[in-house]
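One structure is given below, encoded as structure tokens.
The values are calculated or read from the model by the stated rules, or taken from the named source; none is laboratory data. Every value quoted in this text rests on a predicted model; they were computed, and no experiment measured them. With ideal geometry, Cβ positions are generated from the backbone for all residues, glycine too; neighbour counts draw on all protein chains shown.
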Ligand code: NAD
């Protein structure tokens, strides 16, 4: 099965050599296949910044990329730079720390920097990357709030570099298929979305539970998947939000660190979303979309996969491919070829989520419905 798919892709890639438009991700999004690249397509040269847990996952996944490779490393820990440098073949001349990282501007072996540091650092790191004239790929949440996010978008626009957010689900084949079906009207008029995202967080001393580094709690880390998912599943931008917070452990979840928030979004068509974000429940990774002619349900819906799901037409059978491999190949196409993904991953997309998060926090604190103007 795997081999026959590979043969098929190879044949397709060969025939695509005479049909360059076939190299676009968009073309293949509908087919559920990974992006096909032409052999002569350039490779995106990526420096990873912040060599922690998620960067490890990205680095491993990038070993299978066709169009993106690790060519630089940025870390405050010399031992990590040496270890990762040896493992991923990054020479000392392309290893940087947080003091000298601005020198990447003189390094032609780096096209883009993937910022994978704790949330509070994204703003300054992305702006430094932009000032060095390199494209920025930034982990979610893009920043701590919409003001910071706007500054990042502006800095990248001024520097004429791209800003992308690590929304890996936007390239996940089953997700893309549900988005395609919804956009094609196969579920009819959308009425309702439910997004439930959470896990029980462990170590009370980690940065995710430190307001200064995380910017909040579960909402910043995992609830953002329900927010972002609401938008791409419903296919509209929300115009209001209401929210309610509950906290069962005020020692672990200090002031400004949310444990559990339920929130509701309203959309211009009249569709509504009902969502749950929590650091206090396991097995919570579920999307449900309801329309007048059909439905989609996915569980797990945003974990590392395999994603599972079905619609009123049957099981979703698109193959599982490591999310970060698909993401980085597709991002190479976006940055180098101007490909347009079926669901955007640019800075404006990240900024809209931050505006909603700001409003969720305001709604939870005041109990008052917040109007949204996402622009
Ligand atoms: P982590 O703690 O495992 O790694 C963070 C890295 O940043 C560490 O190597 C740490 O040394 C470094 N760092 C640099 N400056 C630091 C400072 N001042 N304080 C603390 N650490 C500092 O965290 P992680 O799980 O890799 O998360 C990093 C980012 O990636 C977060 O923004 C998170 O939301 C995001 N993330 C995204 C996904 C996803 O699926 N898209 C999954 C996990 C994490």
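Annotation for the range 129-141: at least one member residue is part of a helix (DSSP H, G or I), away from the ligand (no atom under 11 Å from the Cβ) and under 22 Å from residue 333 (Cα atoms). Regarding residue 212, is this residue within 15 Å of the ligand (Cβ to nearest atom), part of a helix (DSSP H, G or I) and either in the same structural domain as residue 140 (by TED's automatic domain parsing) or surrounded by fewer than 21 Cβ atoms within 10 Å (Cβ to Cβ) (or both)? Yes. What number of residues within the range 108-127 are more than 13 Å from the ligand (Cβ to nearest atom) and out of contact with any strand residue (DSSP E or B) (no Cβ under 7 Å at 6 or more places or on another chain)? Qualifying residue count for the region: 2.
Residue selection: residue 185 fails the criterion of being outside the structural domain of residue 122 (by TED's automatic domain parsing), part of a loop (DSSP other than H, G, I, E, B), modelled with pLDDT of 95 or more and within 14 Å of the ligand (Cβ to nearest atom).
Only one entry of 47, 82, 61 meets the criterion of being under 18 Å from residue 139 (Cα atoms), assigned to a helix (DSSP H, G or I) and within 16 Å of the ligand (Cβ to nearest atom), and that entry is 61.
From the list 37, 71, the one residue that fits, being surrounded by 17 or more Cβ atoms within 10 Å (Cβ to Cβ), under 26 Å from residue 161 (Cβ atoms), at pLDDT below 80 and touching a helix residue (DSSP H, G or I) at 6+ places or on another chain (Cβ under 8 Å), is 37.
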